[in-house]
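Take a look at the structure set out below.
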Amino acid sequence: MSQTIFKLRQVGEPLLRQPARPLRRDEIQSPEIQRLIQAMRDTLRDAPGVGLAAPQVGFGLQLVIIEDLAEYQQGIPPDLLAERGRVPLPFHVIVNPKLSTVDPTQRLFFEGCLSVAGFTALVPRMAKVRVDGFDENAEPLLIEAEGWHARILQHEIDHLQGKLYLDTMVTRSLMTTANYTSFWKDKPVCEVCAALGIVRTL
Ligand code: CO
């Protein structure tokens, strides 16, 4: 079967700043939406990335996909994976997600976005969240997540409201991914904050 790899829309495109519309349950099961999900999956793996929202590929629909493969985590020191609460996540689809807070404690880590190519920044996110929605078969879905999964969920669901991590990042921490790799990728967040003159209020 041929793959569809979408062009990833970049910050500045109007659709990335507009609220997405919910899908009807019968729409979710339509061939068009099933094809869209497959193509988003191919696009996410091609990028590669751990999450993608439909507006990022040109569709103003409340649809996100998440997948964090073990192979993406190779080469990241185990203590940093533990600090982030990052474990492999199987591919999953969430339609019409509604996010609620379980633990509002703020966690600060680097985060990037396929629609802000080449950059990364520290972004505060809630420690634990709950998400209600529907899966790709239009069945109701409930996810309770903490750590990295909670972060990805908040990031992707923000996309459906026209929000980007740039809106809530710690501005002094914005950097190119190349510089992140050169200087900071193996450093704990507290060390990064001290070196960049970031006063942590979290
Ligand atoms: Co993003």
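Structural remarks
- Breaking point among (1) open to solvent by 20 Å² or more (accessible area, probe 1.4 Å); (2) in a loop (DSSP other than H, G, I, E, B); (3) more than 16 Å from the ligand (Cβ to nearest atom), for A195: (2)
- Looking across the range 48-82, the residues that are among the charged types (D, E, K, R) and either open to solvent by less than 10 Å² (accessible area, probe 1.4 Å) or in contact with a strand residue (DSSP E or B) (Cβ under 8 Å, 6 or more places away or on another chain) (or both) come down to E67, D68.
- Against the list (1) out of contact with any strand residue (DSSP E or B) (no Cβ under 6 Å at 6 or more places or on another chain); (2) part of a strand (DSSP E or B), the condition V87 fails is (2).
- Scanning the range 157-192 for residues that are within 14 Å of the ligand (Cβ to nearest atom), part of a helix (DSSP H, G or I), β-branched (V, I, T) and open to solvent by 30 Å² or more (accessible area, probe 1.4 Å) turns up just one, T177.
- Of D68, D42, all but one fail to be closer than 20 Å to Q154 by Cα and either of a type in the set (D, E) or touching a His at 6+ places or on another chain (Cβ under 7 Å) (or both); the exception is D68.
- In the range 180-191, the residues that are modelled with pLDDT of 95 or more and over 21 Å from the mean Cα position of the chain (by Cα): S182, F183
- Members of the range 125-156 that are open to solvent by 20 Å² or more (accessible area, probe 1.4 Å) and within 16 Å of the ligand (Cβ to nearest atom): W148, H149
- The single condition among (1) assigned to a helix (DSSP H, G or I); (2) within 21 Å of P90 (Cβ to Cβ); (3) open to solvent by 10 Å² or more (accessible area, probe 1.4 Å) that E32 does not satisfy is (2).
- Scanning the range 96-118 for residues that are surrounded by fewer than 18 Cβ atoms within 10 Å (Cβ to Cβ), closer than 27 Å to I33 by Cα and within 16 Å of the ligand (Cβ to nearest atom) turns up at least one hit.
- Residue count, the range 105-129 (criterion: part of a strand (DSSP E or B) and either of a type in the set (V, I, T) or within 23 Å of R41 (Cα to Cα) (or both)): 6
The values are calculated or read from the model by the stated rules, or taken from the named source; none is laboratory data. Remember, it's a predicted structure, so these values are computed and weren't measured experimentally. Backbone-built Cβ (ideal geometry, glycine too); neighbour counts: all protein chains shown. Surface areas here come from the heavy atoms of the whole protein model, side chains and all, with no ligands, DNA or RNA. Shrake-Rupley method; radii C 1.70, N 1.55, O 1.52, S 1.80 Å.
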